[in-house]
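Student: To start, I am sharing the structure in question, which I have written as C-alpha cells.
The values are calculated or read from the model by the stated rules, or taken from the named source; none is laboratory data. Since the structure is predicted, the reported quantities are computational estimates derived from the model, not experimental observations. Here Cβ is always computed from backbone atoms with ideal geometry, including for glycine, and neighbour counts include all displayed protein chains.
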Amino acid sequence: MTSSEKSKKNKEINLEADLLLSKKDFAAIRKKPLEKEQDLEGYIDFLEDIGAFETKKTKTKFYDAEFEL
C-alpha cells in the first residue's frame, strides 16, 4: 500500500459530499426517532413463558493452550 493510499484510507468521510444521498435522505437522518413507550411487563412475561429465567448456568472451562492468529 502506498502512502497516498494510506492517507486516502485515513481521510474522514464528509457525509454531505462523499455519500450519494438526497436532501430527503439527510432530513430522515436528522429527524429524531419517535419515542415509543416500551411494554416492559409484556416482554418480561414473554421471557418467563419461554423459560428464559430457568436456564442453568454453565460452568466456565479454562484451557491451558495459547491462541494465536
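Student: Give me the pairs: first residue in the stretch 39-62 and free of Cβ contacts under 8 Å to residues at least 60 places away in the same chain, second residue surrounded by 10 or more Cβ atoms within 10 Å (Cβ to Cβ), beta-carbon distance under 8 Å, and six or more apart or on different chains, which are they?
Tutor: Going by the 8 Å Cβ cut-off, the qualifying pairs are F53/L47.
Student: For the stretch 15-27, check the following and say yes or no: at least one residue is surrounded by 10 or more Cβ atoms within 10 Å (Cβ to Cβ), among the charged types (D, E, K, R), assigned to a helix (DSSP H, G or I) and at pLDDT below 85.
Tutor: yes
Student: Could you list, in sequence order, all residues of the stretch 44-58 that are out of contact with any helix residue (DSSP H, G or I) (no Cβ under 7 Å at 6 or more places or on another chain) and either at pLDDT below 85 or not aliphatic (A, V, I, L, M) (or both)?
Tutor: Hits for the stretch 44-58 are D45, F46, E48, D49, G51, E54, T55, K56, K57, T58.
Results for (1) surrounded by 10 or more Cβ atoms within 10 Å (Cβ to Cβ); (2) over 30 Å from L19 (Cα atoms); (3) of a type in the set (D, E), shown as yes or no for each residue.
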site	(1), (2), (3)
K32	no, no, no
E35	no, no, yes
D39	yes, yes, yes
G42	no, yes, no
F46	yes, yes, no
E54	no, yes, yes
Y63	no, yes, no
E66	no, yes, yes
